[in-house]
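Inspection log for the structure reproduced underneath, given as structure tokens.
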Amino acid sequence: FAFASYPLQLPEFWVLFIALEAISVAPKRDIGKINLRPAHWRERLFPLTLAFFGVFFFAAQKEYYAAYQEWSGARMYYHNKTYAPALKAYEPLYPLLSHKPEFLFEAAQCLSKSGRYEKSNEYLSKAILLSADPMLYYVLAKNEQALGEYQAAEKHLSYAIDILPERIYPYYLLVKLYAEPRFFHPEKLREAADSVLLKIPKVESTAIRVMRENTGELVNASFVPP
């Protein structure tokens, strides 16, 4: 279980590891009688080496623990949508937490909301190597659209739809993409709009109602004769 659950990230596993190493150097027993023969140095070298590395890596976890604590505090700003102070806390933590797709997504969101789309895409490009969450592709597509890279945005949204085709949100983003004057595709716009308006969601919500209202407005505005 430990080796399947990223043991280097959890200090508890290192404590257990050191305890097991201590057990491994216990005196040998021979038919109920303790063998007091001093162990040869070769017999102790391997477990002592493992114990040394165990202590070393356990001490190294303190730096990661502090980073997780800082991230926990920064998330308060992120969830309150105060992205500037959140980003100020997130960026220094990147070297230690870049293995966490949740961290990369939140930092990328802060960067995107701050208009730093290229940097946001750098974080997201790393995150998609660690996670298949379609939300990563939604933000990538928004960034590419903001940069005027419409075909790249379309590609990201198509990939997100392949991951979870039942979601309405990526079709809504496609509607906004195809409604762009510089990337106007009438047929694709109608097709994406139909998906937003006609797909039956698992749970009706205010967000879906708003998306459908906005879709209707975009479609009407796009096909109004000049």
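The values are calculated or read from the model by the stated rules, or taken from the named source; none is laboratory data. Fair warning: this is a prediction, and the values are worked out from it, not measured in the lab. All Cβ positions, even for glycine, are placed from backbone atoms using ideal geometry, and neighbour counts span all protein chains on display. The area values use the complete protein model at the heavy-atom level, side chains included, leaving out ligands, DNA and RNA. Shrake-Rupley method; radii C 1.70, N 1.55, O 1.52, S 1.80 Å.
Below are the figures for this structure:
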quantity	calculated
Which of 87, 148, 109, positive extreme of dipole for region 87-163 (C-beta unit charges)	87
Estimated dipole of region 134-226 in Debye, rounded to 20 [Cβ of Lys and Arg +1, of Asp and Glu -1, Cα centre]	140
Spatially proximal lysines relative to residue 81 (Cα-Cα < 21 Å; intrachain offsets below 8 disregarded)	100, 113, 119, 142
Heavy atoms of residue 15 accessible to a 1.4 Å probe, total area in Å² rounded to 10	80
Over 17 Å [Cα-Cα, region 148-223], rounded percent	40
Rounded FRET efficiency, nearest 0.05, which uses the C-beta distance separating residue 102 from residue 48 and R0 of 35 Å	0.40
Cα centroid separation, region 177-212 to region 59-100 (Å)	35
Region 81-226 - percent of accessible surface contributed by carbon and sulfur, probe 1.4 Å	55
Accessible solvent surface per residue of region 151-226, calculated while the other protein chains remain in place, 1.4 angstrom probe, Å²	63
Length gained when the stretch residue 70-residue 202 is fully extended (0.36 nm per residue, less Cα-Cα span)	43.9 nm
